[in-house]
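Okay, structure first, notes after.
The values are calculated or read from the model by the stated rules, or taken from the named source; none is laboratory data. Remember, it's a predicted structure, so these values are computed and weren't measured experimentally. Glycine also receives a Cβ, built like all others from the backbone with ideal geometry; neighbour counts cover every protein chain displayed. Calculation scope for accessible area: heavy atoms of the full protein, side chains included, ligands and nucleic acids excluded. Shrake-Rupley method; radii C 1.70, N 1.55, O 1.52, S 1.80 Å.
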Amino acid sequence: VYRGSVKDFPGFDASQDAEALYNAMKGFGSDKEAILDLITSRSNKQRVEICQAYKSLYGKDLIADLKYELTGKFERLIVSLMRPPAYSDAKEIKDAIAGIGTDEKCLIEILASRTNQEIHNLAAAYKDAYERDLETDIVGDTSGHFKKMLVVLLQGTREEDDVVSEDLVEQDAKDLLEAGELKWGTDEAQFIYILGRRSKQHLRLVFDEYLKISGKPIERSIRGELSGDFEKLMLAVVKCIRSTAEYFAERLYKAMKGLGTRDNTLIRIMVSRSEIDMLDIREVFRTKYEKSLYNMIKEDTSGEYKKALLKLCGGDDDAAGEFFPEAAQVAYRMWELSAVAKVELRGTVQPAGGFNDDGDAQVLRKAMKGLGTDEGAIIEVVTQRSNAQRQQILKAYKAHYGRDLMADLKSELSGSLAKLILGLMLTPAQYDAKQLRKAVEGAGTDESVLIEIMATRNNREIAAINEAYQEAYHKRLEEDLSSDTSGHLKRILVSLALGNRDEGPENLTQAHEDAKKLADVSSNDSSDSLETRFLSILCTRSYPHLRRVFQEFIKMTNHDVEHAIRKRMSGDVRDAFLAIVRSVKNKPAFFADKLYKSMKGAGTDERTLTRIMISRSEIDLLNIRGEFIDLFDKSLHHMIEKDTSGDYRKALLALCGGED
């Protein structure tokens, strides 16, 4: 099936079109509208014929005339459309390596994403247009492993057979693991050979196998093991192997998001993919960024340039608001992988070796005695001990000085640092209980905190929270949740507060039934029953079972369950169900996303930042760091550093551990 957005124009007549363009450029000023309408509605093959007809009719070069008549980005876009794809690529690469400095991003994008045939055509076009050898020019302009991988890609010899050998898949996955993670130093040649030569089909299975045996996606290992342009190139290769459409959707999104637009990238992709996979790119874009490519171009560009880009885009997917089969497949694979990946959860805070509770108590007392406070010493002790050790320090302090350490810390510290240090001194259950209490106390309720805690804690944690809550506030948690929330949210929270989620493995027959219940929109009961059905399944079934339910759900509806929740619910109820689904899917990624949102943009949501850093430090903060860098292309450490200051920052970074 053809997945491009630009098709051959029916009843095409090259001479007639050439004449129309000639007239549009004749005289004073040019009719840009006519030019753009004509050129964007012809296929590349037809445009090339128009160039020839123009030359025979007028003895002039159409591209030269267009360059003369048009200006700026619009000119670049139109002229780019007039060249055959291979010549367009050749020109982009020539521009990327000409002059001072090299545009590595352009080299990476073109060489990582083109098929063998496209690479061969590109090399031939380059030779024809510039009478130079493409490989020689690239070798002269790049260096190191980056250069070697580019040369491998330039050969255009990636295997193309779909027959995959299981043994070789396992061997390749093992070789990659041994070349990177398990080795002191990295064997780049292995990465280059396997990622540069094997077929796409084969490598997709290698990536799945790699995740199984190492517990992390290959992308994360590449980020950890390689660096610079070589790392960027290898990540691009992996992305294109997983899904070329997704790679381009992401490049387009990044070209437009934030301030300013990277027009070169935007033009290059819109032109080069318009007759290949623009429809797929649009679908992935719509799913991934919850807005259509069409709308993003519309908001981000202007004038004739915008009109031409929108014609190349072809249509607006927001109108339909529909979910697509490709996207459903991507979502399905994700649930499948979330079920098999053996992820070992690891916190960043370990028990200190050679621990001496009385010694620590003395250090803390000294830091607080007399004038001024030695915050550094307090941070050093508190962040580098496990929670169990901190509890022992509390006792030792009282035994040694007859004083209450919590009260002393409270009077000596202030602001965000005080909240962080005092939070670390509580047991996890006491800390959660306190956050829940704060969320329901006083005027207004902070539902997002209730949802975050209740949706992500396991049975054992919930039981401990209930106990700590009762002890601290002489009330049952369930009562406070009940009196402070209402409707479906209240019922969800009350159900979660029982902490009796099933803990067994999946049950396939049951999973099928459950998925049917969730998918059944048409049942004639009032809309009330939809939330109830979701509640009875999402709040009670085990995680492994829910993963299976969500897979079955996609099979039945072609939608990911998140999409369905967003579409059919709103407000806190929607947020609560989404939090549960995301916890099941990938809890560290759920927290990574919350941490990112707490810091991005203007101002920092310190409450959320503090709460998550404290509550995850001994559970899965290392995993959260890994997800953070995968999702946002920057490390958590770096973001905390940029976004906070003073002793608060120092303490957070100590909890965060290393720079990724």
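List of remarks:
- Residue ID - surrounded by the fewest Cβ atoms within 10 Å (Cβ to Cβ), chosen from residues in the range 242-267 that are in contact (Cβ under 8 Å) with a residue 40 or more places away in the chain and over 29 Å from His202 (Cα atoms): Thr261
This table checks each residue for (1) more than 15 Å from Ala418 (Cα to Cα); (2) within 21 Å of the chain's Cα centre (by Cα).
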residue: Gly603; (1), (2): yes, no
residue: Glu606; (1), (2): no, no
residue: Asp633; (1), (2): yes, yes
residue: Leu636; (1), (2): yes, yes
residue: Thr644; (1), (2): no, no
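- One residue from Ala64, Ala86, Ala96 being touching a Leu at 6+ places or on another chain (Cβ under 8 Å) and open to solvent by 10 Å² or more (accessible area, probe 1.4 Å): Ala86
So that you can scan it fast, the table gives a plain yes or no per residue for (1) touching a residue at least 60 places away in the same chain (Cβ under 8 Å); (2) open to solvent by less than 40 Å² (accessible area, probe 1.4 Å); (3) part of a helix (DSSP H, G or I); (4) touching a Lys or Arg at 6+ places or on another chain (Cβ under 9 Å):
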residue	(1), (2), (3), (4)
Cys240	yes, yes, yes, yes
Ile276	yes, no, no, yes
Asp280	yes, yes, yes, yes
Arg286	no, no, yes, no
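- Failed criterion for Gln117 (all others in (1) closer than 25 Å to Ser243 by Cα; (2) buried (at least 18 other Cβ atoms within 10 Å of the Cβ) hold): (2)
- Lone qualifier among Thr445, Thr427 - being over 30 Å from Val363 (Cα atoms) and hydroxyl-bearing (Ser, Thr, Tyr): Thr445
Here is a yes/no grid of residues against (1) touching a residue at least 60 places away in the same chain (Cβ under 8 Å); (2) open to solvent by 20 Å² or more (accessible area, probe 1.4 Å); (3) more than 20 Å from Arg649 (Cα to Cα); (4) of a type in the set (Ser, Thr, Tyr):
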residue	(1), (2), (3), (4)
Ala418	no, no, no, no
Ile421	yes, no, no, no
Lys434	no, yes, yes, no
Gly444	no, yes, yes, no
Val449	yes, no, yes, no
Glu452	yes, no, yes, no
Ile465	no, no, yes, no
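- Looking only at residues of the range 502-553 that are basic (Lys, Arg) and either within 21 Å of Arg491 (Cα to Cα) or more than 27 Å from the chain's Cα centre (by Cα) (or both), we find that the one that is modelled with the highest pLDDT is Arg541.
- In the range 578-593, the residues that are under 23 Å from Thr427 (Cα atoms) and either in contact with a Gly (Cβ under 8 Å, 6 or more places away or on another chain) or surrounded by fewer than 20 Cβ atoms within 10 Å (Cβ to Cβ) (or both): Pro588
- Of all the criteria given as (1) open to solvent by less than 70 Å² (accessible area, probe 1.4 Å); (2) modelled with pLDDT under 95, the one not satisfied by Ala18 is (2).
- Selection count where residues are more than 13 Å from Tyr648 (Cα to Cα) and either open to solvent by less than 20 Å² (accessible area, probe 1.4 Å) or hydrophobic (A, V, I, L, M, F, W, C) (or both), scope the range 594-610: 5
- Which numbered condition Glu188 fails, given (1) under 24 Å from Phe628 (Cα atoms); (2) touching a His at 6+ places or on another chain (Cβ under 8 Å); (3) surrounded by fewer than 21 Cβ atoms within 10 Å (Cβ to Cβ): (1)
- Where helices (runs of 4 or more DSSP H) fall wholly inside the range 375-448, the ranges with 1 or more residues that are acidic (Asp, Glu) are 375-383, 405-412, 428-440.
- The C-beta contact set for the range 381-402 (first residue over 11 Å from Leu426 (Cα atoms), second residue surrounded by fewer than 18 Cβ atoms within 10 Å (Cβ to Cβ) and β-branched (Val, Ile, Thr), distance under 7 angstrom, 6+ apart or interchain) comprises Val381/Val363.
- All positions within the range 24-38 that are surrounded by 14 or more Cβ atoms within 10 Å (Cβ to Cβ), under 45 Å from the mean Cα position of the chain (by Cα) and in a helix (DSSP H, G or I): Lys32, Ala34, Ile35, Leu36, Asp37, Leu38
- Checked against the criterion of being aliphatic (A, V, I, L, M) and surrounded by fewer than 17 Cβ atoms within 10 Å (Cβ to Cβ), the range 364-375 has at least one qualifying residue.
- Subset of the range 331-359 that is among the aliphatic types (A, V, I, L, M), open to solvent by less than 50 Å² (accessible area, probe 1.4 Å) and assigned to a loop (DSSP other than H, G, I, E, B) - its residue that is modelled with the lowest pLDDT: Ala341
- For the range 394-404, filtered to residues that are in contact with a Lys or Arg (Cβ under 7 Å, 6 or more places away or on another chain) and within 16 Å of Val363 (Cβ to Cβ), the residue that is most open to solvent (accessible area, probe 1.4 Å) is Tyr401.
- Contact annotation: residue pairs with Cβ atoms under 8 Å, 6 or more positions apart or on different chains, pairing a residue in the range 489-518 that is free of Cβ contacts under 8 Å to residues at least 24 places away in the same chain with a partner that is open to solvent by 20 Å² or more (accessible area, probe 1.4 Å) and acidic (Asp, Glu), are Val494/Glu478.
- Taking the numbered list (1) open to solvent by less than 20 Å² (accessible area, probe 1.4 Å); (2) more than 29 Å from the chain's Cα centre (by Cα); (3) of a type in the set (Asp, Glu) in turn, Asp172 passes all entries but (2).
- Close pairs from the range 636-648: first farther than 21 Å from Glu380 by Cβ, partner open to solvent by 70 Å² or more (accessible area, probe 1.4 Å) and assigned to a helix (DSSP H, G or I), Cβ under 9 Å, at least 6 apart: Asp643/Arg649
- Among the residues of the range 120-159, those that are open to solvent by 60 Å² or more (accessible area, probe 1.4 Å), within 22 Å of Lys239 (Cα to Cα) and free of Cβ contacts under 8 Å to residues at least 60 places away in the same chain comprise His120, Lys147, Lys148, Gln155, Thr157, Glu159.
- Candidate set from the range 222-238 (those that are aliphatic (A, V, I, L, M) and without any contact (Cβ under 8 Å) to a residue 60 or more places away in the chain); member that is surrounded by the most Cβ atoms within 10 Å (Cβ to Cβ): Ile222
- If the condition is being outside any helix (DSSP H, G or I) and either over 17 Å from Asp187 (Cβ atoms) or of a type in the set (S, T, N, Q) (or both), then the range 220-238 contributes only Ser227.
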